[in-house]
């Protein structure tokens with residue numbers, strides 16, 4: 001069974017981990033969309049740049065003659081200097097097609113040779129050659145995925161005789177995208193670990209240790225009715241629990257004190273009520289004690305209000321009788337009871353006429369209540 005500290009820590013770390021993963025996924029989809037849009041914008045811009053360079057270097061219309069593609073008077077087939085120049089300026093690969101066949105390109109095949117004579121993807125030719133429109137988007141180029149831009153090449157009669165292409169490998173954008181994700185993931189992991197450690201020590205200090213103190217002292221009270229007050233740390237539920245324990249400890253100590261006040265005379269009386277039990281010799285008590293024993297107290301404990309004890313009430317009355325007069329504090333100190341408990345006994349004894357009360361008024365504050373046994377009046 002996991003401890004409370006581990007459960008809370010794992011809950012916090014799990015929540016943070018879930019939040020970090022959610023942020024990374026949101027970042028991924030948002031960045032992916034933005035990156036693709038930026039790639040398409042760059043491809044379209046680079047395509048226009050490539051067309052301007054070709055028109056500048058090779059003025060004249062496009063045409064086809066004897067299976068070769070011409071720009072003005074210049075033959076484009078195998079003109080690698082032109083496409084390499086465009087690649088150096090734009091950073092993109094460049095290809096010039098005769099219909100759907102590459103006649104000048106920077107694209108290399110697996111053997112390292114330029115991909116002359118290879119064909120464009122069907123998804124591209126359907127749009128560019130068939131519909132005479134630009135194609136901007138992802139496409140397969142010699143077995144690899146590229147972010148591309150294609151434009152139809154038309155002769156003076158408006159007939160599409162080829163295509164102009166620029167593009168960059170998809171892996172280039174994926175590297176940027178996934179590199180950012182890795183950085184975010186590492187940062188999220190570090191933040192999660194830091195928060196997890198902070199949570200671990202915070203719970204240990206502010207939750208687990210106070211609870212362990214309450215558990216330890218509760219066990220001590222259960223074993224021998226002893227214990228000590230615990231410091232109240234804060235006003236949260238842990239503080240309320242500690243305060244409740246201190247109140248319980250006060251009550252337990254009051255009960256223990258009351259039980260410890262049972263007099264030998266009371267024990268003797270209880271033994272005498274049992275048949276067959278040898279009767280101890282009882283020494284003669286002083287006159288005041290005898291007078292206190294003869295006080296007209298209720299005959300049975302059941303007649304007393306709830307929470308009051310006949311033996312304890314005798315002890316309280318005996319203390320007042322011996323002292324002639326006493327305050328609540330005097331009685332509490334003399335019989336080892338709390339002031340609250342003593343006040344309940346004295347209020348009841350006053351109602352029964354066992355004690356009389358005199359109030360002494362001072363200059364300020366509440367009047368001082370002095371108790372005397374009615375048997376001395």
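Structural remarks
- Working from label points 7 Å from Cα in the Cα-to-Cβ sense, the residue 187 to residue 360 distance is 7.6 nm.
- Among 102-110, 161-169, 36-44, the peptide with the highest mean count of other Cβ atoms within 10 Å heads the list, and the full ranking is 161-169, 102-110, 36-44.
- With Cα atoms defining each centre, the stretch 107-129 and the stretch 49-84 are spaced 18 Å apart in the structure.
- Sorting 354-361, 146-153 by average packing, meaning the other beta carbons within 10 Å per residue, from highest down gives 146-153, 354-361.
- R0 of 25 Å, Cβ-Cβ distance residue 350-residue 244: FRET efficiency to nearest 0.05: 0.20
- Among 208-214, 303-309, the order from most to least packed when residues are scored by Cβ within 10 Å on average: 208-214, 303-309
- In this simple spin-label approximation, residue 28 and residue 206 carry label points 7 Å from Cα along the Cα→Cβ vector, and these lie 3.5 nm apart.
- For residue 216 and residue 194, a Förster radius of 22 Å and the Cβ-Cβ distance give a FRET efficiency of 0.10, rounded to the nearest 0.05.
Any read-out appearing in this document is the output of simple, stated calculations on the displayed coordinates, not a laboratory observation. All of these numbers come straight from a predicted model, not from anything done at the bench. Neighbour counts are summed over all protein chains in view; Cβ atoms, including those assigned to glycine, are modelled from backbone coordinates with ideal geometry.
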